[in-house]
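Report on the structure given below.
Just so it is clear, none of the values below were taken in a lab; they were calculated from the coordinates. This is a predicted model, so every value here is computed, not measured. Note that each Cβ is placed from the backbone with ideal geometry, even for glycine, and that neighbours are counted across all protein chains shown.
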Amino acid sequence: MTKTATPPVPPADATAGGATANPATAAPAVWDADAGVWVGDRAAGQEGSVPSPLWIFGYGSLCWRPEASFAGFERFNGEVVGWKRLFAQKSMDHRGTPEFPGLVATLVSDADLEALGQRSASDPPSRTHGVAYLIPENKAEEVLAGLDFREKGGYTRATVDVLPAGGEGGQKEDTTSSEDTAVPTPALLYTGTTSNPNFHVPSIDEAADTIALAVGPSGPNYEYLFSLSQYLEKVGTPDPHLMELSDMVRSRIKTRA
């Protein structure tokens, strides 16, 4: 088994979108290149502090397939500013295999997008919609352990500020409806930073080809994409890129049938 020492480097702009990454002094994580996950089967960055109370922000499968233990937890539909959702994270443990990796979502800061040539500094801030869950204090350890395992495929903990989003379910009890006066909620998320070994920015055609074919322990890759896109449409915060990508994947599946 190949193991390579790879530090869990935080996003280039640790304050983008109100984010605070885990300390750069944390012990380096070690990468299992054969399995495509962190050694120890845990996400990187546990050394950092977590928000109190503990909110978790989900922008991928946590939107439509939360942990079973989340049932009954307080939640609201929110958005983070200064971050963009990209299908730029190879998945070898959920929606693909080491032999044929799938492709799933990560959040990339605007600063990193500029460094990648994906946006201009003059562009308006990116915005990503998702779901924030309030984790009861007596469940925090259990939930974090489950998420650390779930996000072992190259993800690192980070803390961001979440604002209530438009659309259905986007109002939190202690916020107002105006974004300018809304109280941001610090929340923990899991991000595949641009330095993690599974980070890969494909063309939209490459992404569609991959997602149409990849299958992993959690099921077909297209199920992940379709479910996320449909969830965002259902709550009134559609993602045009995901809708376009979904159409391209459906076309490929239909052609193959």
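Data table
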read-out	value
Using θ = phi - 60° and Karplus 6.51 cos²θ - 1.76 cosθ + 1.60, couplings along the range 70-75 (whole Hz; Gly, Pro as x)	7, 4, x, 6, 4, 8
Inter-site label distance for L134 and V183 at 7 Å from Cα along Cβ, in nm	1.0
Spin-label zone in the range 199-221 - amide nitrogen under 18 Å from a point set 7 Å from the Cα of E99 along the C-beta vector	210-221
Per-residue ³J(HN,Hα) for the range 250-257, Karplus 6.51 cos²θ - 1.76 cosθ + 1.60, θ = phi - 60°, Hz, x for Gly and Pro	4, 4, 5, 5, 5, 5, 6, 5
Amide H contacts under 5 Å for A29, placed H, 5+ residues apart	T6
Loop sites in the range 86-150: GluC sites (Glu not before Pro), DSSP, at most 10 other Cβ within 10 Å	E99
Distant-in-sequence amide H partners of L54 (H built 1.01 Å from N, under 5 Å)	I135
